[in-house]
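The values are calculated or read from the model by the stated rules, or taken from the named source; none is laboratory data. Just so you know, these numbers come straight off a predicted model, no measurement behind them. Glycine also receives a Cβ, built like all others from the backbone with ideal geometry; neighbour counts cover every protein chain displayed. Keep in mind that these areas ignore ligands, DNA and RNA; they rest on the heavy atoms of the full protein, side chains included. Shrake-Rupley method; radii C 1.70, N 1.55, O 1.52, S 1.80 Å.
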Amino acid sequence: MFEGMEIHKFGGSCLRDASDLESIAGIVEDAEGHVVLVVSALWGTTDRLMRAAQEPRYAGRLVNDLASHHLRFVPTLVDSPLYDLFQKVLEGIEDSLVALASDREDKKAYNRLLAAGERLSALIIAHSLSERGFEAHPLGAEDIGLCLDGTHTARTVDMERSATRLDHDAFRGVPVVTGWFGEGRDGEIALLGRGGSDQTATALAALL
């Protein structure tokens, strides 16, 4: 699709503090071709969300803590058009935890909860790049047609379905794609195993 495309994946260990955003911007600036970024949640975020799923009564405190932590990376996000989406993701975390408080076996709520870490990460990275003059925008993997070969959880990306569903037009500018999850066979979010963002990146490389 794009000549000279580069796909870069950034895991949580590359997303520890605000200085890492400078490093990401430098990689994008030095790229010679079209760049696609695949990102994990910020360091430690997924573990916090997993723990919260076991103690959902702490929903309000967790949401406030996550908001503060992510805004420390990009304080100017509050004045950005992406801030409304940032707030919606936080509200989704709270809603998922409320659902889990009623039913600890609610797999849809659990997956929505964990996927929020990547969504928040994609938002702050896209905003950080936009501040530096790049046409960056966040993309949810399931929203652009990345399909997984499973329900709730999956071992692999369903390459055949993804090839027919992938929204190539979404890959304008510098797309910042959520790793680790996609659309399952039932149309709901499904998760790959830990480290699944690597699979997201390699699958997109093959598809694009």
Search result, residues across region 99-142 that are in a strand (DSSP E or B) and not aliphatic (A, V, I, L, M): His137, Pro138
Which residues, counting only those in region 143-171, are part of a helix (DSSP H, G or I), surrounded by 15 or more Cβ atoms within 10 Å (Cβ to Cβ) and hydroxyl-bearing (Ser, Thr, Tyr)? Ser162
Out of region 18-35, which residues are open to solvent by 70 Å² or more (accessible area, probe 1.4 Å) and closer than 30 Å to Ser96 by Cα? none
Report, by residue number, each residue of region 36-58 that is open to solvent by 10 Å² or more (accessible area, probe 1.4 Å) and closer than 25 Å to Thr202 by Cβ. Ser40, Trp43, Gly44, Thr46, Asp47, Met50
Here are some conditions: (1) in contact with a Ser or Thr (Cβ under 7 Å, 6 or more places away or on another chain); (2) part of a helix (DSSP H, G or I); (3) among the β-branched types (Val, Ile, Thr). Val38 meets all but one. Which one does it not meet? (2)
Among residues of region 172-183 being in a loop (DSSP other than H, G, I, E, B) and either open to solvent by 10 Å² or more (accessible area, probe 1.4 Å) or aromatic (Phe, Trp, Tyr) (or both), the residue nearest to Asp198 (Cα to Cα) is Trp180
Does region 7-18 hold any residues that are modelled with pLDDT of 95 or more and either in contact with a His (Cβ under 7 Å, 6 or more places away or on another chain) or farther than 12 Å from Ser121 by Cα (or both), and which are they? Ile7, His8, Lys9
Considering only region 75-84, state which residues are surrounded by fewer than 17 Cβ atoms within 10 Å (Cβ to Cβ) and in a helix (DSSP H, G or I). Pro75, Thr76, Val78, Asp79, Tyr83, Asp84
Only unsatisfied item for Ile7, checking (1) within 25 Å of Gly196 (Cβ to Cβ); (2) among the aliphatic types (A, V, I, L, M); (3) in a helix (DSSP H, G or I); (4) open to solvent by less than 60 Å² (accessible area, probe 1.4 Å), is (3)
Taking region 184-203 as the search range and keeping residues that are polar (S, T, N, Q) and open to solvent by less than 50 Å² (accessible area, probe 1.4 Å), which one is farthest from Leu114 (Cα to Cα)? Thr200
Note on region 170-193: residues without any contact (Cβ under 8 Å) to a residue 40 or more places away in the chain and either among the β-branched types (Val, Ile, Thr) or closer than 18 Å to Ala122 by Cβ (or both) are Ala170, Arg172, Gly173
